[in-house]
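Written out below as structure tokens is the structure these notes cover.
The values are calculated or read from the model by the stated rules, or taken from the named source; none is laboratory data. All values derive from a computational prediction rather than experimental measurement. Glycine also receives a Cβ, built like all others from the backbone with ideal geometry; neighbour counts cover every protein chain displayed.
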Amino acid sequence: MSRQGAVGRREGYSLSFVVVVALFVTTLITANITAVKLVGFWGLVLPAGVVVFPVSYICGDVLTEVYGYRMARRVIWLGFLCNLLAVAAIYLGQVLPAAPFWQDQQAYETILGYTWRLLAASFLAYLIGEFANSYILARMKVATNGRWLWSRTIGSTFVGQGLDSLVFVFLAFVGIIPLGAMISAIVAQWLVKSAYEALATPLTYVVVNRLKRAEGVDAYDRDTNFNPLLVRG
């Protein structure tokens, strides 16, 4: 089915589409909350969110590959708004007066508190990375006429995750940590997340192929307006 067929179903979203969207949003919010913890293995120091965050890119690949860039664009903005709501709720919980017998206010602020600089870096990195990932995958699909799915999922993630890591680490830590440490952090996150996507390629193939058969949809963005702000387009 053409891209128009995929868009034409937008008024009645299927259960499969809703499940992929739910996984996308859940992994995004979960990664942002768990990222407060730093973990170390193989000589690398990474945020704990790296365990689940790449799943959001896998879901983004599935959405773009099956339903097209226009549908993925809506989901990316939905994820942004849901994450903003989560941050607002956490902040509200922080500023509300604590019960006299509750002694964990400092722990709450330490674990769940955010600085505005980190929030801005996180939100901007998310938008740039996700839109780059979706755009490149959609363009590569048209260029390859739908062949070599592995090249699209790995290639788009390699660029998207690279931009995400670069923007976040630079904006969050420039002037705070040495340049060498920043570069090491960017490269480490970039490579680990990209390797995650590569290892998940067989699973991505299974999900994509099953969805295409079940939904009767295989979108090609030949005439799509790729403006990331054009949510209704």
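Residue-by-condition table, conditions (1) exposed (fewer than 12 other Cβ atoms within 10 Å of the Cβ); (2) outside any helix (DSSP H, G or I); (3) at pLDDT 80 or above:
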position: Tyr13; (1), (2), (3): no, yes, no
position: Phe17; (1), (2), (3): no, no, yes
position: Val50; (1), (2), (3): no, no, yes
position: Ser56; (1), (2), (3): no, no, yes
position: Leu63; (1), (2), (3): no, no, yes
position: Gly79; (1), (2), (3): no, no, yes
position: Leu85; (1), (2), (3): yes, no, yes
position: Ala88; (1), (2), (3): yes, no, yes
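Conditions (1) surrounded by fewer than 18 Cβ atoms within 10 Å (Cβ to Cβ); (2) under 19 Å from the mean Cα position of the chain (by Cα); (3) within 19 Å of Glu130 (Cα to Cα), marked per residue:
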{"site": "Ala185", "(1), (2), (3)": "no, yes, no"}
{"site": "Trp190", "(1), (2), (3)": "no, yes, yes"}
{"site": "Lys193", "(1), (2), (3)": "no, yes, yes"}
{"site": "Ala198", "(1), (2), (3)": "yes, yes, yes"}
{"site": "Thr204", "(1), (2), (3)": "no, yes, yes"}
{"site": "Val207", "(1), (2), (3)": "no, yes, no"}
{"site": "Arg213", "(1), (2), (3)": "yes, no, no"}
{"site": "Thr224", "(1), (2), (3)": "no, no, yes"}
{"site": "Leu229", "(1), (2), (3)": "yes, yes, yes"}
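Kindly list the number of the only condition in (1) modelled with pLDDT of 90 or more; (2) out of contact with any Leu (no Cβ under 8 Å at 6 or more places or on another chain); (3) not aliphatic (A, V, I, L, M) that fails for Gly113.
(1)
Do any residues in the range 98-126 that are closer than 30 Å to Val159 by Cβ have Cβ atoms under 9 Å from those of residues that are in a loop (DSSP other than H, G, I, E, B) and of a type outside the set (Asp, Glu), where the two are at least six apart or on different chains, and which pairs are they?
Close Cβ pairs (under 9 Å, with a partner that is in a loop (DSSP other than H, G, I, E, B) and of a type outside the set (Asp, Glu)) amount to Tyr114/Val36; Ser122/Ala35; Ser122/Tyr114.
Name the residues in the range 135-169 that are over 18 Å from the mean Cα position of the chain (by Cα) and either assigned to a strand (DSSP E or B) or of a type outside the set (Gly, Ala, Ser) (or both), would you?
Once the filter is applied, which keeps residues that are over 18 Å from the mean Cα position of the chain (by Cα) and either assigned to a strand (DSSP E or B) or of a type outside the set (Gly, Ala, Ser) (or both), the range 135-169 yields Arg139, Met140, Lys141, Val142, Thr144, Asn145, Arg147, Trp148, Leu149, Trp150.
Quick check on the range 211-229. Is at least one of its residues assigned to a helix (DSSP H, G or I) and in contact with a strand residue (DSSP E or B) (Cβ under 8 Å, 6 or more places away or on another chain)?
No, there is no match, as no residue in the range 211-229 is assigned to a helix (DSSP H, G or I) and in contact with a strand residue (DSSP E or B) (Cβ under 8 Å, 6 or more places away or on another chain).
Identify the single condition in (1) within 19 Å of the chain's Cα centre (by Cα); (2) outside any helix (DSSP H, G or I); (3) more than 26 Å from Ile186 (Cα to Cα) that Leu46 does not satisfy, given that it satisfies every other one.
Failed condition: (3).
Show the residue pairs meeting these rules: Cβ distance below 6 Å; 6+ apart or different chains; first residue within the range 130-153 and farther than 12 Å from Leu63 by Cα; second residue polar (S, T, N, Q) and buried (at least 21 other Cβ atoms within 10 Å of the Cβ).
Ile136/Ser156
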